[in-house]
1. Restrict the check to the range 352-362 and report whether at least one residue is in the same structural domain as L215 (by TED's automatic domain parsing), part of a helix (DSSP H, G or I) and among the small types (G, A, S).
2. Exactly one condition in (1) of a type in the set (V, I, T); (2) in a helix (DSSP H, G or I); (3) surrounded by 14 or more Cβ atoms within 10 Å (Cβ to Cβ) is not met by I349; state its number.
3. So which of D61, D75 is in a loop (DSSP other than H, G, I, E, B), of a type in the set (D, E, K, R) and over 10 Å from the mean Cα position of the chain (by Cα)?
4. Do we have L281 as surrounded by fewer than 16 Cβ atoms within 10 Å (Cβ to Cβ), free of Cβ contacts under 8 Å to residues at least 24 places away in the same chain, assigned to a helix (DSSP H, G or I) and in the same structural domain as A68 (by TED's automatic domain parsing) here?
5. Anything in the range 115-162 that is more than 29 Å from V235 (Cβ to Cβ) and acidic (D, E)? List them, or say none.
6. Here are some conditions: (1) out of contact with any Lys or Arg (no Cβ under 7 Å at 6 or more places or on another chain); (2) small (G, A, S); (3) at pLDDT below 95; (4) part of a helix (DSSP H, G or I). A320 meets all but one. Which one does it not meet?
Amino acid sequence: MKSSLRYLTLALIVLVILAALFFAALRLSPSLQDRVVARALNQIMTSQMQTSAYYGGDNLDIVFCGTASPMGGGDRAQQCIAVLAGDRFFIVDSGARSTAKAAAAGLPLRRLDGVLLTHFHSDHISSLGELHLLSWAQGRPAQLKVYGGDGVAQVVDGFNLAYGLDYGYRTAHHGEAIMPSQNAGLKAHAFAVPDEGMVEVFNDGELVISAFKVLHEPVRPAIGYRFDYRGRSVVISGDTSKSESVVAAARDTDILIHEVLQPNLVNATSRALEDAGRAQLGQLIRDTLDYHTSPVEAADIANRANANWLVFTHLAPNPANGLIEGIFMRGVDTVRTAPTLIAQDGMFIRLPVGGEIIEMRE
């Protein structure tokens, strides 16, 4: 036993010495530094390509690229949800910092088919310029389509005007072969949404995307989306107060992704701001109470729609720790016993076709 311990101790000492020598050499040898960096980059790029190819296929995949509301805080990006079905790929909303999260998740931005906007609040559109650039640089084969209700053309025209010089600089510097000018820019696809029911905004025979109105006064239009792909489905509420249209649209869906605001936390935040002498900001926070949905209300909606899973997103305020997450879920379990989750940036949910299985990882 003592002999084994001596050999183990000796081996550890040798390993420590070798590691020290390696790091000393690494600090002093540019060629060794270059080899280490090159190997690491090759491993990273290989991993990203494998991850990119993993999405879609015979599945309806959902990736949360941003789950925060404008109240923000912490590391969460603002609202952004990627939906991949077969070889189709759409992103719903593009809030601040969400493009970086999409890239970190290894999403295949070169084959992005379009962006679906729920409405035009800044926290749902502010990363459109970054998303355009990164998908263009990765090889998107056409202009980036941006779908939305009345007003989407104004948003698209504004981004194209603001980024127009950038488009030209990129092509002039890298050339048409690398950054083709014909693929630069956003292209608006406007649609009208009925007061009741849904309207198809995309249908390729397998994937059907339908839009429906929700209540987010005074914001008009405010839109939710339903994705149906080969027997699997997901519904994204968009920003809304408790709305019967979500119940109707989410009927028997596999997953309802619903925005939530926790009233107790919002009121506490508002009071704290007012007590600190920031009454204007406190009132602004309090004003959000009348056009969002509480977690308990969202749970009731999911139950009435017979949704299998319920996932909370657009979290107001940001649940930065377990205590706050517990407050978010307060009362939910008395309303709903089916699976209910708080979304995290990077959360991935897979719905394989031909069954009822739901897979989730963070």
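The values are calculated or read from the model by the stated rules, or taken from the named source; none is laboratory data. Every value quoted in this text rests on a predicted model; they were computed, and no experiment measured them. Here the Cβ is made from the backbone with ideal geometry for all residues, glycine too, and neighbour counts use every protein chain on show.
1. No, the range 352-362 has no match at all.
2. Single failed check for I349: (2).
3. Details: D61 fails: in a loop (DSSP other than H, G, I, E, B).
So the residue among D61, D75 that is in a loop (DSSP other than H, G, I, E, B), of a type in the set (D, E, K, R) and over 10 Å from the mean Cα position of the chain (by Cα) is D75.
4. On the way: surrounded by fewer than 16 Cβ atoms within 10 Å (Cβ to Cβ): yes; free of Cβ contacts under 8 Å to residues at least 24 places away in the same chain: yes; assigned to a helix (DSSP H, G or I): yes; in the same structural domain as A68 (by TED's automatic domain parsing): yes.
Against the criterion (surrounded by fewer than 16 Cβ atoms within 10 Å (Cβ to Cβ), free of Cβ contacts under 8 Å to residues at least 24 places away in the same chain, assigned to a helix (DSSP H, G or I) and in the same structural domain as A68 (by TED's automatic domain parsing)), L281 qualifies.
5. D157, the sole residue that qualifies.
6. Failed condition: (4).
Each row is one residue, and each column tells you yes or no for (1) under 20 Å from T313 (Cβ atoms); (2) touching a strand residue (DSSP E or B) at 6+ places or on another chain (Cβ under 9 Å); (3) in the same structural domain as F348 (by TED's automatic domain parsing).
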residue: R76; (1), (2), (3): yes, yes, yes
residue: K101; (1), (2), (3): yes, yes, yes
residue: P108; (1), (2), (3): no, yes, yes
residue: T118; (1), (2), (3): yes, yes, yes
residue: P141; (1), (2), (3): no, no, yes
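Residues are listed down the side, and each one gets a yes or a no for (1) in contact (Cβ under 8 Å) with a residue 60 or more places away in the chain; (2) assigned to a strand (DSSP E or B); (3) surrounded by 14 or more Cβ atoms within 10 Å (Cβ to Cβ):
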| residue | (1), (2), (3) |
| --- | --- |
| D228 | no, yes, yes |
| T240 | no, no, yes |
| A248 | no, no, yes |
| L256 | no, yes, yes |
| V260 | yes, yes, yes |
| A272 | no, no, no |
